[in-house]
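Step one of this worksheet: look at the structure below.
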Amino acid sequence: MSERASVPADEEQTDDADGEQAPVTTGAQSVVRALENAGAEYIFGVQGGAIMPVYDALYDSDELNHVTMAHEQGGSHAADAYGIVTGTPGVCFATSGPGATNLVTGIADANMDSDPMIALTGQVPTDFVGNDAFQETDTVGITQPVTKKSYFAADSDTVGDNVGEAFALADAGRQGPTLVDLPKDVTQGETDVEPSEPTTPDTYHVHEEADDEAVQEAADALAAADRPVVLSGGGVIKADASPALREFAMEYEIPVITTMPGIGSFPEDHELSLEWAGMHGTGYANMAISNTDCMLAIGTRFDDRLTGGVDSFAPDADIIHVDIDPAEISKNVYADYPLVGDARKVLRQLFDAMPRIPDVDAWREQCQTWKDEYPMTYDTPDDEPLKPQYVVETFSDLTPDDTIVCTGVGQHQMWASQFWEYTEPRTWVSSHGLGTMGYGVPAAIGAKLAAPDQEVVCFDGDGSFLMTVQELSVAVREQLDITYVVLNNEAVGMVRQWQDGFYEGRRMASEYPWIPQFDKLAEAFGARGFRLEAQEDVEETIQAAREYDGPSVIDAHIDPGENVFPMVPSGGDNGQFALKEDHLELL
């Protein structure tokens, strides 16, 4: 089980007789106190020599729960997912050297997706730093490029403030990961200095509201448009702006497209929804992007998987770009109307500034026509193996609207995003910018602990599942009710699809005919395993897995030849997408 310290009544307690916290006496206790002050609840980590003083101090905390992970990378992904679901920083611990470097993939993932997270790493004593001591790495130097800030704690009196500031910074403005490197002599050192309440650095400033004149100009342009769209990115969810987005779009009757990180920010069952756009987005979303004359883009960095070729992206549109980070404005796509600020507040400004509802009945009808022309459908012939789309779609039909879906990375990720109907924010937990295979298994652990009353489903591929399957032991130990679905095609499916489409079918190192039986592997871990091969067994198997009180794994043997479509070739025009493989030759 996750560990919360419990000491006998006659031993030293964290609180004194008056209910006040006992004073800190070491740097390690100051670290723990800073996390308590910040409101942290769960820590995902792996013990080790250099971080041991902090773990020793954690023993006496009544407020922090520690979840021992099987691997440090799993801890970083669990903390990342915890931050996505709660909106507040997840916390992960690791020791020095390989412990710290094992966190780097998860930190880089959180950085690419602007997920709030704080990593605390042990370090060799300060006198040994730079001498190639046992399990020493330059953790700050390694992580500076993939964090908002990495700190080297140099003093026992200030280490708590370092941690508090790092926590506050991870949560402020454009969220992201921070790291504090903790030399062992600093955490073991004596101090009587209580850490301050978490605050951001004095030099850190966030523009929360956009310039009023710029907002009015953008609102006038949007109201005058004939073919407007809203593009809702992950920043809408980060800013808790989904209600404001829904109110704005429904009041002004403008079709809404989301990015992949923005999935759930607008209900996909609403008539204004065109779902998500990009390389494997819906045909109708991509057609709307290619034909819009005014795009209100909120909280998106216009990455290449969304835009395809930048020159062909929304070629006729004026771009209104709302983002809390001014560095994103006109970085990839030129913004005709730049609005720097918090998505929720700027949406309210725009709502109040709109002079009228745009006259776009014909445009909405055109968007509906594209929905009819390019529906998200698939074939289920009786003489072919199980279709992954059917598994995802059936699961979506059987579960509550607030079910949280986690994924690894690959074809299964695309099917989970295409054929599950998302209506609520913070219910889609995946790796976007970094595209990290193995993300799903530990992410589901973090998501479930973040939202214990919500159902959690993880779709994974056989290749992705194998990368972090050891974390299944954590789900079993913690008695977490998570359903894992391995869409098993005995391949790294997305690589195989690209090899077939762009490399003349030369399948080098992409097929996995030697994989284990995942249902039996699940049983070995102490989970419940199910094997699924036939369409007629899908609903019964899903329900049995859902009813099992604990982690379960469905090994779903799907059609190995099934591919992900629609597809816009890398760097291509969003309006020219393939609906099946032979279309790629025409693009």
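Here are some notes:
- Residue check, residue 147 surrounded by 18 or more Cβ atoms within 10 Å (Cβ to Cβ) and more than 30 Å from residue 85 (Cα to Cα): no
- Some residue of the stretch 161-168 being modelled with pLDDT of 95 or more and over 29 Å from the mean Cα position of the chain (by Cα): no
- Odd one out for residue 523, checked against (1) under 23 Å from residue 415 (Cα atoms); (2) modelled with pLDDT of 95 or more; (3) not hydrophobic (A, V, I, L, M, F, W, C): (1)
- When the stretch 295-336 is filtered for residues that are surrounded by 23 or more Cβ atoms within 10 Å (Cβ to Cβ), in a strand (DSSP E or B) and in contact (Cβ under 8 Å) with a residue 40 or more places away in the chain, the ones remaining, listed by number, are 295, 296, 297, 298, 320, 322, 323.
- So residue 146, is it over 15 Å from the mean Cα position of the chain (by Cα) and farther than 21 Å from residue 475 by Cα: yes
- Single condition residue 220 does not satisfy, out of (1) outside the structural domain of residue 89 (by TED's automatic domain parsing); (2) of a type in the set (Asp, Glu); (3) touching a helix residue (DSSP H, G or I) at 6+ places or on another chain (Cβ under 7 Å): (3)
- Single unsatisfied condition, residue 535 versus (1) over 23 Å from residue 491 (Cβ atoms); (2) surrounded by 14 or more Cβ atoms within 10 Å (Cβ to Cβ): (1)
- Residues that are under 27 Å from residue 23 (Cα atoms) and not aliphatic (A, V, I, L, M), drawn from the stretch 69-116: 88, 89, 90, 92, 93, 95
- Looking across the stretch 177-219, the residues that are outside any loop (DSSP other than H, G, I, E, B) and either at positive phi or surrounded by fewer than 21 Cβ atoms within 10 Å (Cβ to Cβ) (or both) come down to 185, 188, 190, 212, 213, 214, 216, 217.
- Looking across 463, 501, one residue alone is more than 22 Å from the chain's Cα centre (by Cα), touching a residue at least 40 places away in the same chain (Cβ under 8 Å) and crowded, with 17+ Cβ neighbours inside 10 Å. It is 501.
- Residues in the stretch 524-540 that are in contact with a helix residue (DSSP H, G or I) (Cβ under 9 Å, 6 or more places away or on another chain) and either part of a helix (DSSP H, G or I) or not charged (D, E, K, R) (or both): 525, 526, 527, 529, 530, 532, 535, 538, 539.
- Unmet criterion (only one of (1) among the polar types (S, T, N, Q); (2) touching a helix residue (DSSP H, G or I) at 6+ places or on another chain (Cβ under 9 Å); (3) under 16 Å from residue 262 (Cα atoms)) for residue 423: (2)
- Condition broken by residue 225, with the remaining ones in (1) among the hydrophobic types (A, V, I, L, M, F, W, C); (2) without any contact (Cβ under 8 Å) to a residue 40 or more places away in the chain; (3) over 21 Å from residue 344 (Cβ atoms) satisfied: (2)
- Filtering the stretch 247-272 to residues that are of a type in the set (Ser, Thr, Tyr) and either out of contact with any helix residue (DSSP H, G or I) (no Cβ under 9 Å at 6 or more places or on another chain) or surrounded by 24 or more Cβ atoms within 10 Å (Cβ to Cβ) (or both) leaves 258, 259, 265.
- Taken as a whole, the stretch 539-560 holds no residue that is modelled with pLDDT of 95 or more, in the same structural domain as residue 409 (by TED's automatic domain parsing), at positive phi and out of contact with any strand residue (DSSP E or B) (no Cβ under 7 Å at 6 or more places or on another chain).
The values are calculated or read from the model by the stated rules, or taken from the named source; none is laboratory data. These numbers were taken from a predicted model, which means no experiment stands behind them. Virtual Cβ from ideal backbone geometry, glycine too; neighbours counted across all protein chains shown.
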